[in-house]
1. Does at least one position in the stretch 28-45 carry a residue that is within 22 Å of Ile184 (Cβ to Cβ) and either in contact with a helix residue (DSSP H, G or I) (Cβ under 9 Å, 6 or more places away or on another chain) or away from the ligand (no atom under 16 Å from the Cβ) (or both)?
2. Residues that are open to solvent by 10 Å² or more (accessible area, probe 1.4 Å), within 23 Å of Glu298 (Cα to Cα), away from the ligand (no atom under 15 Å from the Cβ) and among the acidic types (Asp, Glu): does the stretch 110-132 have at least one?
3. State which residue is nearest to the ligand (Cβ to nearest atom) when the search covers only the stretch 85-99 and only residues that are touching a residue at least 12 places away in the same chain (Cβ under 8 Å) and open to solvent by 50 Å² or more (accessible area, probe 1.4 Å).
4. Please go through the stretch 188-202 and pick out each residue that is farther than 13 Å from Ala168 by Cβ and either open to solvent by 20 Å² or more (accessible area, probe 1.4 Å) or not in a helix (DSSP H, G or I) (or both).
5. For the list (1) under 15 Å from the mean Cα position of the chain (by Cα); (2) at pLDDT 95 or above, I need the number of the one condition that Gly145 fails.
6. Given (1) part of a strand (DSSP E or B); (2) surrounded by fewer than 21 Cβ atoms within 10 Å (Cβ to Cβ); (3) away from the ligand (no atom under 12 Å from the Cβ), identify the lone condition not met by Lys70.
7. Go over the candidates Thr85, Thr26, Thr6, Thr17 one by one and state the one that is within 16 Å of the chain's Cα centre (by Cα) and of a type outside the set (Asp, Glu).
8. What do you reckon, is Phe79 surrounded by fewer than 21 Cβ atoms within 10 Å (Cβ to Cβ) and either among the acidic types (Asp, Glu) or part of a strand (DSSP E or B) (or both)?
Amino acid sequence: MEMYETLGKVGEGSYGTVMKCKHKDTGQIVAIKIFYEKPEKSVNKIATREIKFLKQFRHENLVNLIEVFKQKRKIHLVFEFIDHTILDELQHYCHGLESKRLRKYLFQIIRAVDYLHNNNIIHRDIKPENILVSQSGITKLCDFGFARTLAGPGDIYTDYVATRWYRAPELVLKDTSYGKPVDIWALGCMIIEMATGNPHLPSSSDLDLLHRIVLKVGNLTPHLQSIFAKSPIFDGVILPQVQHPQNARKKYPKLNGLLADMVHACLQIDPAERISSHDLLHHEYFTRDGFVEKFLPELRAKLLQEAKLNSFMKTKDIPKENELMREERKTNFNNTMINNSHFGKETEKEKKSKDIRIRVFKIKGGKGDTSELKKLEYESVHRQQDAIDNAHATCLDTKPVIIEPPNSVNPSTNANGMKEDSYAGGCMIMPPINLTNNLMAANSNLNIPYSNPRLGERAKKKQTTGQVISNNRQEDTGPTQGGDDLCEERNLKRN
Ligand code: ADP
C-alpha cells in the first residue's frame, strides 16, 4: 500500500472497502479493494474465490485484476479503475437509460455473462452496482466474491446470500440445485431497472420478495410451491394465485416491445424455461437493424483507445475488424476481443508476462495467512494458460499443492503508467458521463427533476473523490413501498 496514494473511498461492501488510489511512481489510477480482517473465515473465502476467478477468466467486459497483496493481515486486490457504475447512472437518469445507450450496455453485459456461462461459471450477484462503466461506455462486470463453478450432478451449493432484489425464486426458496438461470433472472430484473429507473422487485424480506414475484412475474411452479409449503420459515403462509397476461408486451408495457420480449424470456418462474445467455445475445433486440455489425467495430475502437492508455491490454492482441466480425459470428459473441488466444496464439513470452502481471505477494511485516494466496499463485501459474485457451475450463475446485510463492516483486514493475483523466475521447460515440459534475449535482439535489429511491442512501455516503459508495448487502431493510411510487421514496435501502 506504500506504493499507492489514497484518493478516496469509492465503494463499500459487506466484505471490504474499495479505495481509489494512485500509484506513486507511475501515476496509474487504480481501485484497491481492501478486505476486512473479520470475520476471517468468510472474508478469506470470498477473497480467495474472487482472486481465483479473476485470475483465470479474462474478458474485456470483466474487470481487470492487476495485482494482489496482503498487508497488516488484510487482503488487497488492485484493479484497473473504472469510472462509475450502472447504479451511478441510474441515480442520475431517474427514468432509466436512453435506449441507444441501454442497448450498448446490455449487449456488453450479456457478453460477459455468456463468457462466464460458457466457462461453467455462475456469477450469482448481478446487479447495477456490480456493472462498472468506463468513460467511453465499456461495461465491466465486477465482484466475483460469489462466483462459482457450476456444481456437478448431485452436488449442492451452500452458504450463499446474493442481493435480495435480484434473487431468483429458486434461490429464495433455497432450492439447492440451481444454476446459470439465476444469473438470467438477475439480468431480467436489472434490465427493467436500467430501462425504467425503478428496481423491479425491491423487497425487505424473503417473503416480501416471493409475494412481489407472484404479483408481478408469475405463480410458483408446482416444484417451488412444494418447497414453499414444506418450509418452516413460511409456515402457515399462503401466496396468492394471480392471472398474468400471457403477452410479454402487455405484461411489461413500459418497455420497448423487443425489450419486453427479452425480459419476459429472462423472468420465467421455472428456471428451465428461462432463456440462455447465448440466445439473449442473438435476440432480435440486438440483431435488428444491423446493431451488432455496427456496434462491434465501435466497441473494438473504444477498446483500442482504452488499451492505448493501459499497457496490460495489448493493442496488438486486438483483432482487426474483419477478424472480429468473423470470430463473433463463428463463436456466437462468446470470445474476448483482446486478451486471448482466439485471435492468435500467444507466444511463450506473452504467457510468462501474463503470469507475472497477475501475481500474489506478501508485504514484509504481515503475518501468517499466506497459504491460500500461495495456493492461488501456484494454481495461477499452472492453470492460467489452460483456462485462457480452453473456453470450457472448469478445473477450479481441485485441491492445489502448496508451494512457496515466487520472490516478491517490486509493485512498481507491474504498473502501466495510465494517467488519470488522460482519456482523450477520439472514437467515442456515447457521450462520456462526467460523474464529478453530474453526480455531485444529483447528490446535492441541484439538477434532478425528482428524487430517486436510492439517492438518500447514497448521498449519505458521498465521499471527497466526487464518487459515492453503496453496495450494502444488508439482509433486512425495513418495509418498502409499492413499485410505482418508488421514485418518490428517498430512503429505500438496497440490500
Ligand atoms: P464488495 O464485494 O465488497 O461488494 P465490489 O467489488 O462489489 O465490492 O465493489 C464495491 C463498489 O466499489 C462497486 O459497486 C463500485 O462502486 C466500486 N468499485 C469496485 N471495483 C471498482 C473498480 N475497478 N473501479 C472503480 N470502482 C470500483
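The values are calculated or read from the model by the stated rules, or taken from the named source; none is laboratory data. Just so we're clear, the structure is a prediction, and the values are computed from it rather than from any experiment. Positions of Cβ are generated from backbone atoms using ideal geometry, with glycine treated the same way; all protein chains shown enter the neighbour counts. These area figures cover heavy atoms from the full protein model, side chains too; ligands, DNA and RNA do not enter into them. Shrake-Rupley method; radii C 1.70, N 1.55, O 1.52, S 1.80 Å.
1. No: zero hits.
2. The answer is no; no qualifying residue exists.
3. The initial filter retains those residues of the stretch 85-99 that are touching a residue at least 12 places away in the same chain (Cβ under 8 Å), namely 85-97, 99.
Narrowing further to those that are open to solvent by 50 Å² or more (accessible area, probe 1.4 Å): 93, 95, 99.
Working: Tyr93: 17, His95: 22, Ser99: 24 Å.
In this case the residue turns out to be Tyr93.
4. Residues of the stretch 188-202 that are farther than 13 Å from Ala168 by Cβ, as a first pass: 191-199, 202.
Once the filter is applied, which keeps residues that are farther than 13 Å from Ala168 by Cβ and either open to solvent by 20 Å² or more (accessible area, probe 1.4 Å) or not in a helix (DSSP H, G or I) (or both), the stretch 188-202 yields Ala195, Thr196, Gly197, Asn198, Pro199, Pro202.
5. Checking Gly145 against (1) under 15 Å from the mean Cα position of the chain (by Cα); (2) at pLDDT 95 or above, the one that fails is (2).
6. (2)
7. Thr85
8. Here the answer is yes, as Phe79 does meet what is asked.
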